[in-house]
Amino acid sequence: MAAAARTGAAVPESHPRAESLRIRHRLVRGFEEGLVAAEGLLAHGRGEALDYLLGEETGVAARQACRAAAAALRASDRPVISVNGNAAALCAEQLVSLAECTGAALEVNLFYDSPGRRGAIAERLRRCGAKSVLGLDPGGMAVLHGTDSARRMVDRNGILTADTVVVPLEDGDRTAALKRAGKAVIAFDLNPLSRTAQTADISIIDNITRAADVLVEECRNLAGEGGGDSRGGGGGANLARIVRDFDNKGNLAQAVRQITGNLGRLQGMRAAAGGNGAAATAITAHGPQPE
Ligand code: PTJ
């Protein structure tokens with residue numbers, strides 16, 4: 001039996017960290033199915049640690065960022081969603097819904113590139129309902145200048161000519177290169193201090209497994225507000241206002257406060273437990289449990 005099948009079956013519903021373990025399982029299964037790079041498993045671990053500090057919930061800052069991102073996508077003429085291995089394994093369905101809802105194209109773009117993984121990711125997207133997936137035709141690719149990684153290869157009909165690019169779990173180099181190429185960048189990243197989060201126009205500091213749903217919901221909420229035929233009308237002006245009023249630096253600072261607030265609560269728990277030896281030992285041994 002495959003390791004993922006064994007581990008998946010081993011997570012009882014009653015486990016206090018069942019959701020986190022289920023997400024891990026999705027990623028391991030994605031690795032075994034050839035979607036996820038081995039390094040993607042490690043990247044997920046780094047994300048998990050930050051998610052723990054964020055309290056494993058979508059905070060006010062992330063919600064505001066999702067609303068601004070939804071407005072930006074709806075107001076865009078050529079939005080593209082860049083899809084890597086982790087994003088495909090964790091939320092292919094939501095990304096396909098996001099593409100449908102906003103008219104965005106889906107493009108496979110990898111840091112650890114391989115034709116096999118590109119094909120597997122495209123297949124996953126198609127199985128989730130994607131009608132078209134870019135980034136698969138070597139003859140249709142061009143170089144995005146300003147980054148040396150494999151992510152520089154982009155589709156002429158996709159990221160190269162996009163006005164807005166959604167980048168889940170990205171590296172900072174390409175985000176900066178996309179910005180220099182004049183594109184608006186929307187990032188999903190659990191790390192408010194990462195170069196990607198600091199460089200993007202709209203950084204959604206949340207686990208993509210939660211935030212992708214919130215972004216789709218916000219896009220649906222803004223359905224009557226421009227885009228398509230009504231773009232540029234009154235709804236279009238409202239979308240522009242939502243994007244203009246969004247302050248990414250302020251939003252990132254709010255996410256950092258979410259983390260320091262959680263750490264502060266931990267300190268408070270330690271202090272409160274100071275007079276009680278048994279409680280202090282328990283907290284030191286197990287840490288705070290966000291769930
Ligand atoms: O599939 P590929 O070849 O394109 O490779 C994808 C990875 C993720 C391996 C590659 O892009 C990579 O190495 O990324 P980094 O530089 O490790 O950055 C990933 C960022 O995503 C980090 O800041 C993590 O904190 C963050 N992250 C990890 N898991 C999640 C996440 N952000 C949102 N949701 C997550 N579930």
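The values are calculated or read from the model by the stated rules, or taken from the named source; none is laboratory data. Remember, predicted model here, so these are calculated numbers, not experimental data. We place every Cβ from the backbone using ideal geometry, glycine too, and count neighbours over all the protein chains shown.
Descriptive notes on the structure:
- The one condition in (1) free of Cβ contacts under 8 Å to residues at least 40 places away in the same chain; (2) outside the structural domain of Pro192 (by TED's automatic domain parsing) that Leu54 fails to fulfil: (1)
- Sub-6 Å Cβ pairs linking a first residue in region 191-207 that is free of Cβ contacts under 8 Å to residues at least 40 places away in the same chain to a second residue that is near the ligand (Cβ under 7 Å from one of its atoms), at least 6 apart or interchain, are Thr196/Glu170; Thr196/Asp189, ordered by first then second residue.
- Test: residue in region 137-145 that is surrounded by fewer than 24 Cβ atoms within 10 Å (Cβ to Cβ), within 16 Å of the ligand (Cβ to nearest atom) and of a type outside the set (S, T, N, Q): yes
- Here Glu100 meets the list (1) farther than 24 Å from Asn238 by Cα; (2) of a type in the set (Asp, Glu); (3) assigned to a helix (DSSP H, G or I) almost entirely, failing just condition (1).
- Qualifying residue in region 36-56 (condition: surrounded by fewer than 24 Cβ atoms within 10 Å (Cβ to Cβ), within 18 Å of Ala184 (Cβ to Cβ) and among the basic types (Lys, Arg)): no
- Failed item in (1) out of contact with any strand residue (DSSP E or B) (no Cβ under 9 Å at 6 or more places or on another chain); (2) without any contact (Cβ under 8 Å) to a residue 60 or more places away in the chain, with Arg67 passing the rest: (2)
- One residue stands out among those in region 154-174 that are within 12 Å of the ligand (Cβ to nearest atom) and surrounded by fewer than 20 Cβ atoms within 10 Å (Cβ to Cβ): the one that is farthest from the chain's Cα centre (by Cα), which is Asp173.
- Residues of region 17-47 satisfying the condition of being near the ligand (Cβ under 10 Å from one of its atoms) and not in a helix (DSSP H, G or I): Leu35, Val36, Ala37
- Scope region 67-91; condition part of a helix (DSSP H, G or I) and within 13 Å of the ligand (Cβ to nearest atom); matching residues: Gly85, Asn86, Ala87, Ala88, Ala89, Leu90, Cys91
- Considering (1) part of a helix (DSSP H, G or I); (2) modelled with pLDDT under 95, the lone condition that Thr209 does not fulfil carries the number (2).
- Being loosely packed, with under 15 Cβ neighbours inside 10 Å, in contact with a strand residue (DSSP E or B) (Cβ under 8 Å, 6 or more places away or on another chain) and farther than 16 Å from Val167 by Cβ is a description that does not apply to Gly129.
- Residues of region 112-122 classified as buried (at least 16 other Cβ atoms within 10 Å of the Cβ) and either of a type in the set (Gly, Ala, Ser) or more than 15 Å from the ligand (Cβ to nearest atom) (or both), total: 2
- Close pairs (8 angstrom Cβ cut-off, 6 or more residues apart or separate chains): assigned by TED's automatic domain parsing to the domain that holds Tyr112 in region 141-154, polar (S, T, N, Q) and crowded, with 17+ Cβ neighbours inside 10 Å anywhere: Arg151/Asn109; Met153/Asn109; Val154/Asn109
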